[in-house]
Amino acid sequence: MLPKLFFGYFAAMITILSLLVVTRKNLVHGIMWMLLLFVHIGGLYLFLNAEFVAAIQIIVYAGAILVLFLFVVLLLNVKEEFKGRRFISSWQGRGFAAAALLLGIMLALQYAVIAPQGKYSIEYIQSETHTKVLGTVLFNEYVFPFMILALVLFVPMIAAVVLAVKRRKA
Amino acid sequence: MDFVITLAIIVIKIAVVFGAVLFHVAYATYFERKIIGRMQARYGPMEVGPHGLLQPFADMIKLFFKEDIAPASADRPLFYIAPAIVVISAMTALSVLPFFDRFVIADIDIGLLFLLVITSLSVYGIVIAGWASNSKYSFLGGLRSAAQLISYEIAMGLSLVGVMLMAGSLNLSDIVRAQHQHPLGMFAFPQFLGFFVFVVAAFAETNRAPFDLPEAESELVAGYFTEYSGFRFAFFFLGEYVAMLTMSAVAALCFLGGWTIPMFMTNAMPFLSYVPGIIWFLVKVYAFMFFYYWIRATLPRYRYDQLMAIGWKVLMPLAFVNVLITAFAKRWL
């Protein structure tokens, strides 16, 4: 009963907070609701016994990425909502898109299979500590995808540096 | 029944830690004024009580009876929430600190990561305070602080990676025990690079001199809390000092051996092992706090570009080198 209540609370709050984030006129308020949203997502990870992922979720998303969002909003000083022509103005079109997306997710869920459990039971993870288990799996079984991800993240960084560096006049 | 007893123990622990930390914050301000006064060849507070010992209480009473003012054009909800974020994030960090053997409110496996989580959230209190005040001084202070905190957070996190590698754990109690097992007794010796990076980053993270640009009084009046008065101002003050004490405690736990002293010292002088662990812990915390004041009285404030250069071009590479050396040493030595 208690786990269900817990999950229900986090699921409901995540939905409500996401709606609050996208409907706020004031961008700074939107970002503050998003902070609360990220904390709730972190709570959901904790609820899954994944304390390392929960901590990383908050450090990376709430502590770094969201601060940069806030920084950009503050520096650009966007007080007014951006008013431009909407690409799709009819509510029917938006409704149809939302319904199609929902249908797609429902269909995808039909084909979902529960992954094989392997040796990583909750007891095993608790005795080994989550951080250690995660590190062992990540750097042994999935080291190649990990390296590729590192490269994928490294390339845009080079691009950003190239864009940002001022060219010296010859 | 067991549940009630466990809960009661936790509540009592929280009350003890809370009371002790508030007392320490009150006297940290007093000793800061006294020590800096002595370093500048003057007395510091002398009027309230003998040697000004009751000065913190006088300050507290004054702050609580002051009028609480909010600027007319401020963003009210965020203006009121910001000081609360600062205090709550500073206080939450205390919950994972082991003050002596087996005395810790929440003995979690990811204690060190939890501290980094909390420091990364405390930025919001400062940035939001700066923005919601709707004043140019506060706003600039908030922006500076945001940039400074996210820059130095990386260096601080990396400097602690060396400690994590050496201890093989993220649990703060385990880190202290690992240091006790180590022949040198303190990670500050093998991790001297990491310790240096940590100390500099800790000064920047708590907005203290020589990195106190967010509240540079000669340029920004008081930075992000310019528009605050009364007990909301006191909240920022409290948050800053609790953060300083937390940083000192983290330095003591991760680098200076926490509540233990090196084995070679107890072997040479066996009577030292009868001293309770909390004394050693407090001695280390006080020494680090004294270091904070000493630096504040000694060094002038850095310029903004110097601050960024130190963070990104000196501390971060140093921390990376430290992580690499520690990892190789751990693997092959």
Conditions (1) in contact with a helix residue (DSSP H, G or I) (Cβ under 9 Å, 6 or more places away or on another chain); (2) touching a residue at least 60 places away in the same chain (Cβ under 8 Å): number failed by B:Ala26: (2)
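Using the structure shown, decide if B:Phe100 is within 24 Å of B:Thr6 (Cβ to Cβ), at pLDDT below 85 and away from every other protein chain (no Cβ under 14 Å). Full working, then the answer.
Details: within 24 Å of B:Thr6 (Cβ to Cβ): yes; at pLDDT below 85: yes; away from every other protein chain (no Cβ under 14 Å): yes.
Yes.
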If a residue has to be at pLDDT below 75 and surrounded by 10 or more Cβ atoms within 10 Å (Cβ to Cβ) to count, how many in the stretch A:83-113 make the cut? 1
Which residue, of B:Leu115, B:Leu160, B:Leu165, B:Leu172, is out of contact with any Phe, Trp or Tyr (no Cβ under 8 Å at 6 or more places or on another chain), within 14 Å of chain A (Cβ to nearest Cβ), buried (at least 22 other Cβ atoms within 10 Å of the Cβ) and closer than 21 Å to B:Lys330 by Cα? B:Leu172
Per-region count, the stretch B:59-81, residues part of a helix (DSSP H, G or I) and either over 30 Å from B:Pro45 (Cβ atoms) or of a type in the set (D, E, K, R) (or both): 8
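For the stretch B:258-271, enumerate the residues that are without any contact (Cβ under 8 Å) to a residue 24 or more places away in the chain and either more than 20 Å from B:Pro98 (Cβ to Cβ) or outside any helix (DSSP H, G or I) (or both). Give the derivation first.
Of all residues in the stretch B:258-271, those without any contact (Cβ under 8 Å) to a residue 24 or more places away in the chain come to B:266-271.
Scanning the stretch B:258-271 gives B:Asn267, B:Ala268, B:Met269, B:Pro270, B:Phe271.
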Is it the case, given these coordinates, that B:Ala268 is over 24 Å from B:Ile295 (Cβ atoms) and of a type in the set (Gly, Ala, Ser)? yes
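With the requirement that a residue be among the hydroxyl-bearing types (Ser, Thr, Tyr) and within 28 Å of the chain's Cα centre (by Cα), what does the stretch B:258-272 give you?
Listed by number, the list holds a single entry, B:Thr260.
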Residues of the stretch B:27-58 classified as more than 30 Å from B:Trp131 (Cβ to Cβ), in a helix (DSSP H, G or I) and not hydroxyl-bearing (Ser, Thr, Tyr), total: 15
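Could you tell me whether the stretch B:175-182 includes any residue that is within 11 Å of another protein chain (Cβ to nearest Cβ) and surrounded by fewer than 21 Cβ atoms within 10 Å (Cβ to Cβ)?
Within the stretch B:175-182, not a single residue is within 11 Å of another protein chain (Cβ to nearest Cβ) and surrounded by fewer than 21 Cβ atoms within 10 Å (Cβ to Cβ).
Of the residues A:Leu44, A:Leu37, A:Leu20, A:Leu5, which single one is of a type outside the set (D, E, K, R), touching a helix residue (DSSP H, G or I) at 6+ places or on another chain (Cβ under 6 Å) and either away from every other protein chain (no Cβ under 14 Å) or not in a helix (DSSP H, G or I) (or both)?
Values: A:Leu37 fails: either away from every other protein chain (no Cβ under 14 Å) or not in a helix (DSSP H, G or I) (or both); A:Leu20 fails: either away from every other protein chain (no Cβ under 14 Å) or not in a helix (DSSP H, G or I) (or both); A:Leu5 fails: touching a helix residue (DSSP H, G or I) at 6+ places or on another chain (Cβ under 6 Å).
Sole residue among the options that is of a type outside the set (D, E, K, R), touching a helix residue (DSSP H, G or I) at 6+ places or on another chain (Cβ under 6 Å) and either away from every other protein chain (no Cβ under 14 Å) or not in a helix (DSSP H, G or I) (or both): A:Leu44.
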Sole exception among (1) in a helix (DSSP H, G or I); (2) in contact (Cβ under 8 Å) with a residue 40 or more places away in the chain for B:Leu282, by number: (2)
Tell me, which residue of the stretch B:126-150 that is within 11 Å of another protein chain (Cβ to nearest Cβ) and small (Gly, Ala, Ser) is surrounded by the fewest Cβ atoms within 10 Å (Cβ to Cβ)? B:Ala147
Of the conditions (1) buried (at least 19 other Cβ atoms within 10 Å of the Cβ); (2) in contact (Cβ under 8 Å) with a residue 60 or more places away in the chain; (3) out of contact with any helix residue (DSSP H, G or I) (no Cβ under 8 Å at 6 or more places or on another chain), B:Val242 fails just one. Which one is it? (3)
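Would you confirm, using the coordinates I've provided, whether B:Phe187 is away from chain A (no Cβ under 11 Å), within 19 Å of B:Lys284 (Cα to Cα) and touching a Cys at 6+ places or on another chain (Cβ under 7 Å)?
Working: away from chain A (no Cβ under 11 Å): yes; within 19 Å of B:Lys284 (Cα to Cα): yes; touching a Cys at 6+ places or on another chain (Cβ under 7 Å): yes.
Yes.
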Positions within the stretch A:123-170 being in a loop (DSSP other than H, G, I, E, B) and exposed (fewer than 10 other Cβ atoms within 10 Å of the Cβ), in sequence order: A:Val165, A:Lys166, A:Arg167, A:Arg168, A:Lys169, A:Ala170
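May I ask you to list the residues in the stretch B:71-85 that are away from every other protein chain (no Cβ under 14 Å) and touching a residue at least 60 places away in the same chain (Cβ under 8 Å)? Break it down stepwise before answering.
Residues of the stretch B:71-85 that are away from every other protein chain (no Cβ under 14 Å), as a first pass: B:71-72, B:83.
B:Pro71, B:Pro83, listed by residue number.
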All conditions in (1) farther than 18 Å from B:Phe237 by Cβ; (2) surrounded by fewer than 16 Cβ atoms within 10 Å (Cβ to Cβ) are true of B:Leu78 except (2)
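The values are calculated or read from the model by the stated rules, or taken from the named source; none is laboratory data. No experiment lies behind these values; they were computed from the predicted model shown. Positions of Cβ are backbone-derived with ideal geometry, glycine not excepted, and every protein chain shown enters the neighbour counts.
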